[in-house]
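Here the structure comes first, spelled out in structure tokens, and everything after it is commentary.
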Amino acid sequence: MSDENRTNGSDVTEIEDDPRKVRLAKREALLAAGKFPYGMRFDYDQHVDALQRDYADLENGASTDDRVKTAGRIIAIRNQGKIMFMVLRERMGDIQLFCRVNALGDEAFAEMKDLDMGDWIGVEGTMMRTKRGELSIAVDGFTLLSKSIRPLPEKFHGLSDKETRYRQRYVDLVVNPDVKQVFVNRSKIIAACRAYMNSLDFLEVETPILQEIMGGANAKPFITHFNALDQECYLRIATELHLKRCLVGGLDRVYEIGRIFRNEGMDHTHNPEFTTIEAYQAFGDIDSMKELAEGFIKAGLHVVSDSEVIEYQGQTIDLSGTWKSIPLAEVVSAHVGEHVDMDTPVAHLRALLDANKLEWQEDWGAGKLLFTLYDELCEQEIVNPTFVCDYPVEVSPLAKRKPSDPRLTDRFELVIAGHEYANAFTELNDPVDQESRFAAQMEAKRHGDEEAMEYDTDYIRALEYGMPPAGGIGIGIDRMVMLLTDQPSIRDVLLFPHMRPERNTNNPNAKGVAAAKAAADVAETSAEVAAAAELGAKDGAAADAAPDAQWVSTLPAPAEGDKLDAGITREAALELLKAHNKDEFHIVHGETLEGLMRYYAAKYDPQNVDFWGIVGMLHDLDWEEFPTEEEHTVKAAEMLAEAGANPLVARCIQTHNSDLRADLPEPEAHMEKVLYACDELSGLIQACIAVRPSHSVQDFTVKSLKKKFKTKSFAAGCDRDVIAHGADLLGMELPDLFASVIEAMKAIDPDKDSFRPAE
């Protein structure tokens with residue numbers, strides 16, 4: 001019997017196949033023996049890194065009389081009879097434990113052999129180095145500090161495990177030392193940046209998270225209710241307006257590092273709650289803020305890197321020297337190959353947007369048109385740190401106008417590796433000008449702009465008392481940590497990124513229980529399903545079995561490598577789709593999903609291209625006739641049974657409605673996850689294409705899709721949460737899923753007939 005199954009003599013015959021039950025039995029055995037498996041305080045004297053440093057010169061095979069005490073989690077066990085080796089992991093690293101029955105005594109050694117990987121222990125002993133050169137603690141005493149009931153996974157890695165890693169970060173940190181190091185470095189970076197700000201005589205202050213008025217940025221807020229005052233409040237979208245009130249009060253250099261909340265989409269650079277620093281310096285300007293931004297980021301860099309030239313996601317980024325500045329109009333001019341600026345006729349700027357397949361609106365002036373050209377075409381091309389300056393007033397409601405050209409503002413965005421890292425202004429301190437810009441924002445809100453700022457009467461009053469000229473800046477801490485630690489996603493630098501709730505884990509009436517009940521009947525059900533599939537359900541057995549239409553839900557997901565037969569031809573499937581759908585849109589959508597599924601099947605499951613395609617074509621078979629969450633895909637199962645289709649087709653189709661009906665199967669097979677991810681997203685892409693000048697997917701870009709994805713009022717019926725969950729299911733970041741599905745839609749463009757099978 002393995003050590004995992006030993007429980008101090010307890011009979012574990014019935015539970016030896018369940019490691020969790022084995023460990024629970026060990027816990028009970030300890031309690032029965034009067035030994036509490038969750039210890040109290042343990043005073044250790046050194047961390048592992050200090051031990052490795054202090055005994056670096058200890059020779060192989062040498063022992064010492066130097067006593068040490070340390071504590072940590074067991075992450076490896078190797079039992080060799082009367083000798084046992086363990087690896088103990090604590091915050092600063094790993095160290096080997098050398099355990100001998102002669103040193104511990106028979107009873108303690110037996111107890112130590114009953115420990116499991118994941119247990120927390122405190123140990124004491126002497127320092128030694130084995131003959132093979134491994135620095136070790138020769139253990140002569142130990143204390144169990146916390147019994148681990150749930151076994152650690154062997155590894156948490158790869159795209160398929162990302163959602164689990166983010167959701168169970170506590171496990172990720174244990175089994176992936178590189179992940180833990182990212183968060184150690186994050187702490188060091190923030191500490192160094194805070195020290196840098198303090199060295200410049202800035203005061204760190206705190207401003208309200210709950211705010212009465214949404215201001216300081218263009219963003220959609222989270223709304224909450226303050227019961228005591230019966231008052232609607234916002235979680236702050238910026239700290240700007242309160243920090244500038246501090247300038248009015250005479251605190252001439254202030255900053256805040258804190259959480260910001262924006263009720264918007266998630267992708268590899270956005271999370272609904274994130275960390276920024278905002279800083280304001282009286283008597284400064286944007287040149288002051290350039291110096292501040294450069295020093296701030298380099299302060300963080302220097303605690304994690306010896307070089308100012310770094311690698312970020314395969315790109316070499318040179319952070320050394322003084323970073324260059326360039327006006328926005330010059331960046332655009334370089335890209336379009338001709339000089340453009342605020343004096344360029346609006347008609348010509350519109351023509352440039354048209355030439356680049358970009359959308360514009362009739363009420364946009366030269367400034368908004370220029371900014372759109374920059375935002376859509378130019379930002380992503382900038383690699384080394386660049387201060388892009390002189391933004392138009394239309395897109396800069398809080399920045400001071402340039403004295404040389406009032407149509408522009410003294411503003412910059414710091415761009416590195418195609419992304420914005422900082423935004424800074426020479427701050428607007430004219431209350432009359434600010435009041436007019438607030439009024440313009442309110443007009444934009446009246447016309448449907450959910451992200452426009454509200455009118456802040458108190459802030460105008462503060463400005464009327466007089467705010468000194470100032471420079472102000474906001475820097476995204478999370479993105480900066482991504483850059484300095486070479487992490488591809490914001491979720492890789494947030495300990496606990498926002499995730500969709502785990503479904504049905506606490507609801508006894510939800511699908512988890514339904515699935516357990518189904519599993520209990522699996523033998524009987526499997527025989528029934530197999531018979532129905534063989535007969536093509538033509539004898540009506542399937543229809544009789546489906547008053548609840550749930551019997552197909554008990555089918556297991558298609559196994560990788562299985563050859564699948566849909567039991568129905570493509571021609572029959574298309575005829576079935578048309579028989580139940582008269583709206584041309586539903587037929588086109590079905591054919592689009594067929595093409596996408598065939599495209600991905602060709603990449604991942606080429607022997608089942610036809611099966612994938614039929615699942616895609618018929619995924620909304622019943623939607624036109626039964627457009628409710630209770631009946632959708634359930635009625636489709638009945639229709640498919642009557643048509644003689646393999647019940648597995650219905651099972652795969654039902655998975656994409658599992659969010660809305662808890663007793664339906666969740667996506668498990670790769671095919672089911674692809675269907676879930678493509679369905680809603682392809683609809684959004686089709687809506688985007690419909691409003692483009694070209695009406696074609698061939699010139700459609702990820703950046704355009706990201707903008708429409710963020711604009712919730714556009715194609716509001718396309719559920720952004722479902723799209724985000726589809727990315728999670730496939731272990732992909734949203735931009736990567738966007739790029740993949742756009743590429744697939746270009747490949748299946750009806751003009752190409754790429755994935756339409758021959759008739």
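Here's a check for you: in segment 726-747, which residue that is of a type in the set (Gly, Ala, Ser) and in contact with a Ser or Thr (Cβ under 7 Å, 6 or more places away or on another chain) is modelled with the highest pLDDT? Checking each candidate, the answer is Ala747.
Filtered by the rule that a residue be of a type outside the set (S, T, N, Q) and either free of Cβ contacts under 8 Å to residues at least 12 places away in the same chain or surrounded by 24 or more Cβ atoms within 10 Å (Cβ to Cβ) (or both), segment 623-646 gives Phe626, Pro627, Glu631, Val634, Ala636, Ala637, Leu640, Ala641, Ala645.
Cβ separations smaller than 7 Å between residues 6+ apart or across chains give the following pairs from segment 734-759 residues that are over 19 Å from Gly265 (Cα atoms) to residues that are at pLDDT below 65 and of a type in the set (Ser, Thr, Tyr): Ala747/Ser754; Ile748/Ser754. The residues listed here are Gly216, Gly258, Gly250; of these, the one that is more than 30 Å from Leu737 (Cα to Cα), modelled with pLDDT of 95 or more and part of a loop (DSSP other than H, G, I, E, B) is Gly250. Scan segment 619-660 for residues that are assigned to a loop (DSSP other than H, G, I, E, B) and farther than 16 Å from Leu555 by Cβ and the total you get is 18.
Yes/no matrix, rows are residues, columns are (1) assigned to a loop (DSSP other than H, G, I, E, B); (2) in contact with a helix residue (DSSP H, G or I) (Cβ under 7 Å, 6 or more places away or on another chain); (3) surrounded by fewer than 17 Cβ atoms within 10 Å (Cβ to Cβ); (4) not assigned by TED's automatic domain parsing to the domain that holds Lys298:
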{"site": "Trp364", "(1), (2), (3), (4)": "yes, no, no, yes"}
{"site": "Phe371", "(1), (2), (3), (4)": "no, yes, no, yes"}
{"site": "Asp375", "(1), (2), (3), (4)": "no, no, no, yes"}
{"site": "Pro397", "(1), (2), (3), (4)": "yes, yes, no, no"}
{"site": "Ala424", "(1), (2), (3), (4)": "no, yes, no, no"}
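Among the conditions (1) within 28 Å of Arg236 (Cβ to Cβ); (2) in a helix (DSSP H, G or I), Ile277 misses just one, which is (2). Does Lys147 satisfy the criteria of being in contact with a helix residue (DSSP H, G or I) (Cβ under 8 Å, 6 or more places away or on another chain), within 16 Å of Phe42 (Cβ to Cβ), in contact (Cβ under 8 Å) with a residue 12 or more places away in the chain and of a type in the set (Lys, Arg)? Considered against the rule, which asks whether it is in contact with a helix residue (DSSP H, G or I) (Cβ under 8 Å, 6 or more places away or on another chain), within 16 Å of Phe42 (Cβ to Cβ), in contact (Cβ under 8 Å) with a residue 12 or more places away in the chain and of a type in the set (Lys, Arg), Lys147 comes out as yes.
The values are calculated or read from the model by the stated rules, or taken from the named source; none is laboratory data. This structure is a prediction, so every number in the text was calculated from the model and none was measured. Cβ coordinates were reconstructed from backbone atoms using ideal geometry, including for glycine residues, and neighbour counts include every protein chain displayed.
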